1. If R0 is 30 Å, what FRET efficiency do you get for ALA417 and GLN700 from their C-beta distance, rounded to 0.05?
2. Can you report the principal axis dimensions of segment 635-695 using only the alpha carbons, biggest first, rounded to whole angstrom?
3. In whole angstrom, how long is each semi-axis of the equivalent ellipsoid of segment 480-635, when you take the square root of 5 times every eigenvalue of its Cα gyration tensor and sort them from largest down?
4. Please state the equivalent ellipsoid semi-axes for segment 14-102: what are the square roots of 5 times the Cα gyration tensor eigenvalues, largest first, in whole Å?
5. Just to confirm a number: summing +1 for Lys and Arg and -1 for Asp and Glu over residues other than ILE534 whose beta-carbon lies under 15 angstrom from that of ILE534, what do you get?
6. Under a crude label model (7 Å from the Cα following the beta-carbon direction), how far is ARG359 from HIS165 in nanometres?
7. Assuming a ≥ b ≥ c are the square roots of the Cα gyration tensor eigenvalues, decide whether segment 307-438 counts as rounded (a/c under 1.5), prolate (otherwise, with a/b larger than b/c) or oblate.
8. Jot down the per residue volume, in cubic angstrom and as a whole number, of the convex hull over the alpha-carbon atoms of segment 241-282.
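All of the numbers you see were taken from the coordinates with simple rules; none came from a lab. All values derive from a computational prediction rather than experimental measurement. Don't worry about glycine lacking a Cβ; one is built from the backbone with ideal geometry, like all the others, and counts go over all protein chains shown.
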Amino acid sequence: MEVRSPADEYMAQGKYAEAAEIYEQAIAADAANQTDYWHLGLAMLLQGDEAAAQFAWMTPLMEAEPDQAEQWVAELLQILQAAADHQVAIEAYETAWLLHQHMQEFDPGIARSLDIINLGLKAETLPFEEGLKQAIALLNEPASVMQPMALEVLQSIIQQLLAIHGGHTQINEFLLACTPHFVAQSQLSRLVRLLLEQAEYNSKISRRAVAVQLAKFCLKLAPDDDQVVAKIVGFMQGGNASNMLESLPLAKRLLQKTSSLTEQITLTQQILGGLMTTCGLSQETREYYQSYKNLLQSVYDCDVSQAEDIYLVISLGMFLNYFEDTPSTNRVIRNRIAEVCQRELRNILVDQVDRFSKRHLVRKLETKPLKIGYLSDCLRIHSVGWLARWLLQYHDRDRFEIHLYSTRQSDDPLQQALIHLYGDRFHSVPLTASEIADHIHQDGIDILVELDSLTSFTNCAVAALKPAPVQVTWLGYDASGLPAIDYYLADSYVLPDSAQSYYAEKIWRLPQTYIAIDGFEVGTPSLRRDQLGIPGDAVVYLSSQSGLKRHPDNIRLQMKILKAVPDSYFLIKSTNADRDLLSAFFYQLADEAGVNRDRLCFLPDVPANETHRANMGLADIVLDTYPYNGATTTLEALWMEIPIVTRVGEQFAARNSYTMMMNAGITEGIAWTDEEYVEWGVRLGEDALLRSNITHRLRQSRQTSPLWNARAFTQEVEQAYTQMWERYQAL
């Protein structure tokens with residue numbers, strides 16, 4: 001066992017003045033022992049007396065012979081390095097940074113400079129801008145091959161700079177300066193892995209532009225690594241229209257090379273997403289869709305023993321609803337995928353699933369307030385977030401213990417308001433599906449409400465593991481079809497009576513509406529008709545949807561309406577669409593219908609949702625999409641008191657506008673056939689009195705409609721949860 005001197009004990013206790021006094025006494029007794037000077041200087045430095053520390057160290061060195069001085073400096077550096085390492089271990093980064101600055105005087109070089117930058121960033125004594133500037137200058141200096149320890153420090157600097165401000169204009173310059181120092185292929189692979197981890201981190205905190213920037217840099221470093229490129233495609237798909245277009249040739253290249261069923265399905269969905277979102281619907285898109293559907297159908301018949309990663313397609317199949325309104329067949333495909341994937345995932349995590357099941361039986365017998373958990377990637381400024389916030393606001397938290405599980409962090413006002421409202425019951429869980437499921441299970445959640453459905457692989461995987469005894473799908477994107485989901489919240493309009501025959505989940509119909517809000521915030525318009533070259537007395541139609549929902553057959557009906565109402569204009573807004581592709585797509589269909597291109601007006605994106613809603617006042621009539629209707633956009637139009645023409649279908653996605661209009665007390669504009677869609681569009685365009693009447697009734701509906709009574713809706717949902725739990729206990 002090491003015996004420490006009294007001075008060492010004082011140093012360990014942080015009693016630096018007492019330690020210094022002992023070292024001074026030792027020097028007075030034996031001035032030839034240089035080691036006491038090193039420790040004395042260290043004790044002085046840790047007291048904050050840098051000048052005294054330097055004097056103590058230099059006293060013996062000034063009289064040393066060259067060979068002796070080199071040996072003594074090495075000894076001093078060893079003592080200071082041990083002290084710096086200790087300060088890092090206790091997270092006293094500023095003191096460690098100071099020690100390295102003094103060590104640099106005796107041992108200059110790139111490794112020491114990197115240590116100083118790294119610790120300066122951690123201690124926040126080095127501002128981001130200055131740290132970035134110093135790192136770029138240092139890395140661009142001619143230098144020998146960097147040692148492994150220095151590379152580790154450089155990786156720490158990369159992580160810190162990207163976490164602080166990954167979108168800075170000089171980040172690419174910094175990364176370019178880093179790259180030559182990762183000489184070996186294994187080192188370069190480590191850099192790529194680090195950058196992809198940072199891209200994932202930035203994506204999780206809603207900094208998608210930064211994630212794309214990092215992913216594109218990785219593409220330069222590893223253009224031929226298919227696994228890396230596949231991840232890059234995923235990040236680029238989460239970017240803007242330009243990023244999505246850039247991802248398409250990469251995804252197509254990977255698709256040609258792979259024989260894996262899961263990769264084929266994933267890549268085909270990504271290609272479809274890129275083509276449709278950017279409004280590139282074409283014969284090529286239809287061909288990819290047919291291939292996509294065939295691949296999805298093959299999942300059920302595949303040999304899972306030969307496809308161990310089949311669970312990776314657990315959330316795929318969303319594009320079926322954008323192309324076809326045939327739920328009796330497409331829901332069966334989706335249900336089969338969910339069944340196979342859930343089985344495979346549960347086989348992999350069988351111990352966890354068994355542990356959950358045993359605990360469920362215990363919870364079933366306990367008397368307690370119900371614990372309700374909401375799981376979503378969209379508890380932020382997002383359509384799901386906007387719609388769910390009212391229910392979350394009005395929940396009776398005396399009767400129910402509510403927990404929110406957010407898989408994406410954001411500093412936007414909506415998420416921050418939910419964090420303020422729920423405090424430590426708002427859980428940021430950017431973890432794996434297994435870890436999230438454990439978190440939910442450990443919190444003792446009785447009813448888990450999953451909000452994202454097929455838009456989130458992670459959430460589907462969590463639900464498949466069944467961390468809560470009762471599980472419900474609400475909002476999101478139709479139902480997932482997972483056998484582990486017990487109920488799907490709907491109403492009597494949004495799903496026909498026959499729907500239960502093709503849903504795996506039990507459809508739980510709420511008394512009036514499956515969604516209700518208290519309204520939307522509306523800002524100041526940023527556009528006027530005269531700015532767009534539209535006469536004040538013209539009839540203006542509007543379509544405000546993503547490219548995914550724009551089906552050419554539906555647009556052809558919209559062109560028929562325009563042609564039949566000569567003094568009309570069509571405002572088109574598509575979030576995240578490529579402007580050139582969007583206009584070319586619409587112009588082609590306008591030309592086919594004989595509609596002058598000048599009557600089409602493509603609205604720019606605006607940064608604030610409140611401004612977008614205010615700009616909807618430009619329109620007299622909204623023309624809904626089919627086979628995938630608007631949802632949030634329909635609610636916004638009704639709140640802005642604008643008549644809507646919607647085509648009602650069979651699937652959930654084709655009946656959203658129908659249920660919202662019915663619950664707002666409006667039947668005018670509800671079409672059951674393509675012919676009726678055109679007829680309503682023309683009639684509303686020609687009949688200003690009818691439009692005025694609808695507007696008046698929509699204004700009145702704010703005081704009477706269940707659609708705008710979120711408090712009453714919340715009580716109905718809470719009653720549903722109570723009944724679900726009673727049924728579970730009765731089993």
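1. Details: r = 30 Å, r/R0 = 0.98.
The calculated FRET efficiency here is 0.50.
2. Taking max minus min along each principal axis of the Cα atoms, segment 635-695 gives 33, 26, 15 Å.
3. Values: eigenvalues 225, 77, 42 Å².
Over the Cα atoms of segment 480-635, the ellipsoid semi-axes are 34, 20, 14 Å.
4. Rounded to whole Å, the semi-axes are 21, 16, 10.
5. Residues close to ILE534 contribute a combined charge of 0.
6. The answer from the label model is 4.3 nm.
7. oblate
8. Normalising the Cα hull of segment 241-282 by residue number yields 58 Å³.
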